[in-house]
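Report on the following structure.
The values are calculated or read from the model by the stated rules, or taken from the named source; none is laboratory data. What you see is a predicted model; the values in this text were computed from it and never measured. Cβ atoms come from the backbone with ideal geometry, glycine included; neighbour counts cover every protein chain shown. Ligands, DNA and RNA are excluded from the accessible area calculation, which covers all protein heavy atoms including side chains. Shrake-Rupley method; radii C 1.70, N 1.55, O 1.52, S 1.80 Å.
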Amino acid sequence: MKFWLLKSEPDVFGYADLMAAGTEAWNGVRNYQARNFLRQMQVGELCLFYHSSTRPAGVAGVARVVRAAYPDDLQFDGSSPYFDARSKPDSPSWSMVDVAAVAALPHFQTLDALRTKPELSGLRLLQKGNRLSVLPVSAEEFRIIVEAGGLSLDRLLVGPGEVLSS
DNA sequence: GCCAACGTTGGC
DNA sequence: GCCAACGTTGGC
């Protein structure tokens, strides 16, 4: 079981939008390292949903992977900003996963708050120059963040596929 | 709006 | 393969 962090700009698609949608295709990732992480994701794994390019930036909620990596259809859509003319249908360059809302953090975890915790000093999100939109998070880091946010990791881990309310 | 960090592109 | 130019990300 691995844990992840997904970045999104809330002005474009925030955690509230994921809750409203229920499930969403996580498409448009156009960075090879991030793509490789997407391809490692397995159904049932949990993700922190991080709001970037906003004030304050921080973790807003938890999502679950509900479909493993499959070809991102936008790469073949000439009208999409994510179109990639070099990608071939028989060997797609880019992948997406489907994620579902699990629970909003009762207490939004700001970037500043994350930075003050010594146990999170290894968190990739906090490393200098980090720009990846999909990142791995250790189990312990994940636990610290969701519990600081007011959720129980043990409760999140029971009943995969089930949407919990806080 | 600024700017540091970093990925990608393309000429050579 | 090198590397300068350029575009993007994202915090502030």
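Brief remarks follow.
- Residues listed by number, segment A:51-71, amide nitrogen under 14 Å from A:Ala25 label point at 7 Å toward C-beta: A:67-71
- Relative contact order, percent, segment A:3-157 [alpha-carbon distance under 8 Å, six or more residues apart]: 29
- Coarse-grained scattering of segment A:1-71 at q = 0.16, 0.19, 0.21, 0.23 Å⁻¹, given as base-10 log I(q)/I(0) from a Debye sum over alpha-carbon atoms: -0.54, -0.78, -0.95, -1.14
- For the peptides A:67-76, A:147-156, residues were scored by their other Cβ atoms within 10 Å and the scores averaged per peptide; the highest-first order is A:67-76, A:147-156.
- The distance between label points at A:Asp17 and A:Val43 comes to 2.6 nm (points 7 Å beyond Cα on the Cα→Cβ vector).
- Projecting the Cα atoms of A:Ala101, A:Ala60, A:Tyr70 onto the charge dipole of segment A:53-135, computed from C-beta unit charges around the Cα centre, puts A:Ala60 farthest toward the positive end.
- Per-residue extension of 0.36 nm, minus the Cα-Cα distance of A:Asp90 and A:Arg55, leaves a gain of 8.4 nm for this segment.
- Between helix A:139-148 and chain A there is an angle of about 60 degrees, using the helix long axis and the longest principal axis of the Cα atoms.
- For chain A, the share of DSSP beta bridges that are antiparallel, to the nearest 5, is 80%.
- Full-stretch length increase - A:Glu9, A:Asp77 - with 0.36 nm per residue and alpha-carbon distance subtracted: 22.2 nm
- Protein-only accessible surface at a 1.4 angstrom probe places the residues A:Met96, A:Met19, A:Met1 in the order A:Met1, A:Met19, A:Met96, largest first.
- Calculated mean residue ellipticity at 222 nm for chain A: -6000 deg cm²/dmol, from DSSP H runs with n ≥ 4 weighted as -39500 (n - 2.57), summed, divided by the residue count and rounded to 500.
- Here is the P(r) of segment A:7-166: all C-alpha pair distances, binned every 5 Å from 0, give 2, 9, 17, 21, 21, 15, 8, 4, 2, 0 in whole percents.
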